[in-house]
1. Looking only at the stretch B:1-60, which residues are within 14 Å of another protein chain (Cβ to nearest Cβ) and of a type in the set (Asp, Glu)?
2. Would the stretch B:85-104 turn up any residue that is assigned to a loop (DSSP other than H, G, I, E, B), under 22 Å from residue B:137 (Cα atoms) and touching a Ser or Thr at 6+ places or on another chain (Cβ under 6 Å)?
3. Here's a check for you: in the stretch C:21-50, which residue that is within 14 Å of another protein chain (Cβ to nearest Cβ) and in contact (Cβ under 8 Å) with a residue 24 or more places away in the chain is surrounded by the most Cβ atoms within 10 Å (Cβ to Cβ)?
4. Sort through A:117, A:53, A:106, A:132 and tell me the only one that's at pLDDT 90 or above, out of contact with any Asp or Glu (no Cβ under 6 Å at 6 or more places or on another chain) and not basic (Lys, Arg).
5. Test residue C:77 against the criterion of being buried (at least 22 other Cβ atoms within 10 Å of the Cβ) and not β-branched (Val, Ile, Thr), and give yes or no.
6. Determine which single condition residue B:65 fails, assuming it passes every other condition in (1) within 16 Å of residue C:88 (Cα to Cα); (2) over 17 Å from the mean Cα position of the chain (by Cα).
7. Return yes or no: is residue A:138 touching a Pro at 6+ places or on another chain (Cβ under 6 Å), in a helix (DSSP H, G or I) and within 14 Å of chain C (Cβ to nearest Cβ)?
8. Could you tell me whether the stretch B:68-75 includes any residue that is touching a Leu at 6+ places or on another chain (Cβ under 9 Å), among the aromatic types (Phe, Trp, Tyr), within 9 Å of chain C (Cβ to nearest Cβ) and not in a loop (DSSP other than H, G, I, E, B)?
Amino acid sequence: MTTSERSRSVLRFASPQYFYPLAGKLAPWFAALAVVLTLAGLWLGFFVAPTDATQGEVYRVIFIHVPAAWMSMFIYLVMAFWSAVGLVMNTRLSFVMSQALAPTGAIFCFLALWTGALWGKPTWGAYWVWDARLTSQLLLLFLYFGFIALTRAIEDPRRADRAGAIIALVGAVNVPIIYFSVNWWNTLHQGASVSLTKAPSMAATMLAGMLVMAIAAWMYTIAVVLWRVRPMILERERHTEWVGTVLEKELQAVAANKGGRA
Amino acid sequence: MLEAQDLACLKGDRLLFRDLAFRLQAGEMLRIAGPNGVGKTSLLRLVTGLALPEAGEVRWRGHCIRREREAFHGELLYLGHAPALNDLLSPLENLRFACAAGGDHVAEDDCVQALVRIGLENQLDLPARVLSQGQRRRVGLARLFLSARRPLWVLDEPFTALDVHAVADLAATLSAHCADGGCVMMTTHQDAPFARPPAVLDVGAFAC
Amino acid sequence: MLSTFLAVLRRDLLLAWRGRADVLVTLAFFVIVVCLFPFGVGAEPNQLRAIAPGVLWVAALLACLLSLHRLFAQDYADGTLEQLLLSREPAAVWVMAKVLAFWLSTGLPVIAVAPAMALLLDLEQGGLSVLVLSLTLGTPILTLLGAVGAALTLGLRGGGMLLALLVLPLFVPVLIFGAGAVEAEVSGSGALAHLLLLGGGLAGAVALAPWACAAALRISTE
């Protein structure tokens with residue numbers, strides 16, 4: 001490689017190159033925060049929060065269900081945001097971010113559906129009722145699947161990035177429409193019980209538990225995305241010099257570890 | 001008129017070429033040379049704006065083609081590897097559509113004349129699927145006669161599948177276009193009897 | 001601008017006419033899907049009447065989806081799409097023309113036979129006009145949304161299934177309001193609100209989808 005190319009590639013890939021070690025340093029901290037907050041949230045939810053007058057103990061599933069549902073919707077918006085940034089600014093790291101977010105969003109979506117079904121059985125007497133919010137959640141899961149399938153089906157990474165960004169944006173425009181239409185179609189569900197505008201109808205400890213769990217979900221998402229972004233960056237930038245250096249260093253570290261143990 | 005600077009082209013995850021630069025003045029003809037797979041067609045697609053360069057930019061009359069897309073495409077004629085023929089339409093219908101879709105208002109008579117001139121007078125109304133390779137190629141080339149107002153011609157292997165006579169005709173047409181102040185950029189593996197030998201750009205010299 | 005629009009529209013309609021067997025296949029698919037339901041759920045008239053709006057709408061939606069992958073495939077393969085992208089007109093103009101031609105050749109025939117199929121399911125006479133109206137407002141939205149998906153999946157292996165996965169969730173609101181309109185009319189509560197929402201959706205789709213589709217086509221041909 002010539003010096004001119006080295007300097008140019010350093011300029012061009014400045015952000016991924018610096019982001020890669022930064023992500024590696026930050027991820028463990030977010031992961032630790034996620035663990036601590038999850039334990040705190042579960043403790044609040046399962047031991048501190050009072051038993052619900054009408055639903056008994058089973059309501060406690062909301063400490064997982066509601067944060068997961070929030071997170072799944074929010075991640076889709078963040079994905080769409082990064083997609084828009086990528087299309088407008090033509091920054092590849094943005095596309096990598098949105099693709100790293102998608103599996104986590106889908107997992108939260110699935111978790112929300114699963115816990116929703118478990119909650120539904122004792123409450124409504126069926127695992128699945130075609131309730132508006134569960135149905136929207138299901139459609140959101142399909143949107144995630146579509147995004148993941150499309151980006152995986154296209155072999156050319158640049159086309160995959162940009163095509164995924166378009167479908168994420170189209171989906172984001174449609175999410176409110178889907179939500180509205182499904183609500184219109186069926187308004188069976190109990191009214192929204194957590195909102196910022198009206199006084200919460202639940203005990204303060206319940207709300208606190210849910211918020212702590214929501215923040216834990218945030219921390220988990222950030223940690224996982226940072227970890228997922230790292231190999232994706234390496235794969236995409238594998239022709240550049242800095243990736244070679246990084247890989248060499250990591251190989252040496254592994255060898256040193258082995259030598260030390262022997 | 002047309003210039004490119006620091007062009008780099010990425011295909012899949014392979015860098016085909018980088019630091020490629022050229023300049024094409026009015027009246028000049030440029031032949032893109034290089035072995036198969038070096039990125040000749042990719043370069044033409046970058047120049048037309050169909051593909052985005054990994055680095056660098058292409059300028060037409062001093063403006064980046066991405067910013068002045070509509071003006072640039074109004075002055076460009078690109079005949080790609082695929083001849084853009086629909087099998088269910090006749091050569092005449094295909095040619096009329098190609099002109100109209102490009103934004104040119106061309107009378108039917110002119111289209112007929114262009115097809116007759118390129119040697120398809122007996123195939124005007126046959127569906128394109130019964131044409132031979134050479135004849136299909138000619139339908140696309142007939143657009144050259146109707147695009148004198150477009151100064152920049154970018155042609156991908158225009159001589160493929162043509163007989164000797166047609167090659168000489170095409171070479172004369174291209175030379176005449178340049179003599180009128182147009183520019184031509186093309187890939188070809190064939191020697192053709194041009195009025196003036198074209199300048200050569202070897203993509204292989206910029207390969208990675 | 002108008003001349004490009006008309007040229008593309010005329011050509012695509014001519015192509016649809018020359019390849020009219022494809023149109024007939026779409027129509028036959030619609031008819032057969034509707035006819036399958038009585039075999040599946042039983043031919044009890046009250047039950048059929050109850051599910052008729054949904055069945056007709058789902059069948060129309062699937063018929064629309066079935067042919068979507070053809071929208072750009074031929075032009076992509078033969079290089080016409082490249083030429084269109086090099087047109088000096090904005091791509092949204094000819095995308096709109098292609099979508100309109102496509103809808104005229106696949107959506108309109110389905111709408112034309114839908115009342116006959118509704119009679120087969122014993123839908124009330126009053127619902128027929130609303131059925132036609134809701135399909136007329138709704139199927140163009142399906143085509144516009146589907147065009148974006150078709151553009152994104154151009155030339156991919158297994159593109160047809162992927163296209164279905166991408167666009168079916170987006171079709172749900174149209175299905176809800178379309179079938180809902182017919183149901184509301186039959187049950188006597190009036191279909192106006194549903195139809196207005198469909199009309200609003202159509203306006204939004206016409207305004208946004210051609211641009212998204214044009215961007216998708218540029219990405220897919222790059």
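1. Answer for the stretch B:1-60, where residues must be within 14 Å of another protein chain (Cβ to nearest Cβ) and of a type in the set (Asp, Glu): B:6, B:13, B:19, B:54, B:57.
2. Yes: the stretch B:85-104 contains one or more residues that are assigned to a loop (DSSP other than H, G, I, E, B), under 22 Å from residue B:137 (Cα atoms) and touching a Ser or Thr at 6+ places or on another chain (Cβ under 6 Å).
3. Narrowing the stretch C:21-50 to residues within 14 Å of another protein chain (Cβ to nearest Cβ): C:21-23.
Within this subset, residues satisfying the condition of being in contact (Cβ under 8 Å) with a residue 24 or more places away in the chain are C:22-23.
On the way: C:22: 15, C:23: 17.
Per the criteria, the residue is C:23.
4. Working: A:117 fails: at pLDDT 90 or above; A:53 fails: at pLDDT 90 or above; A:132 fails: at pLDDT 90 or above.
A:106 is the lone residue from the list that is at pLDDT 90 or above, out of contact with any Asp or Glu (no Cβ under 6 Å at 6 or more places or on another chain) and not basic (Lys, Arg).
5. Working: buried (at least 22 other Cβ atoms within 10 Å of the Cβ): no; not β-branched (Val, Ile, Thr): yes.
Against the criterion (buried (at least 22 other Cβ atoms within 10 Å of the Cβ) and not β-branched (Val, Ile, Thr)), residue C:77 does not qualify.
6. (2)
7. Values: touching a Pro at 6+ places or on another chain (Cβ under 6 Å): no; in a helix (DSSP H, G or I): yes; within 14 Å of chain C (Cβ to nearest Cβ): yes.
No.
8. Step one: list which residues in the stretch B:68-75 are touching a Leu at 6+ places or on another chain (Cβ under 9 Å), which gives B:72-73, B:75.
After this cut, where a residue has to be among the aromatic types (Phe, Trp, Tyr) as well, the list is B:72.
Subsequent filtering for residues that are within 9 Å of chain C (Cβ to nearest Cβ) retains B:72.
Next, from what is left, pick out any that are not in a loop (DSSP other than H, G, I, E, B): B:72.
Checking the stretch B:68-75: at least one residue is touching a Leu at 6+ places or on another chain (Cβ under 9 Å), among the aromatic types (Phe, Trp, Tyr), within 9 Å of chain C (Cβ to nearest Cβ) and not in a loop (DSSP other than H, G, I, E, B).
The values are calculated or read from the model by the stated rules, or taken from the named source; none is laboratory data. Everything numeric in this text was worked out from a predicted model, so none of it was measured. Please note: Cβ atoms are built from the backbone with ideal geometry, for glycine as well, and neighbour counts cover all protein chains shown.
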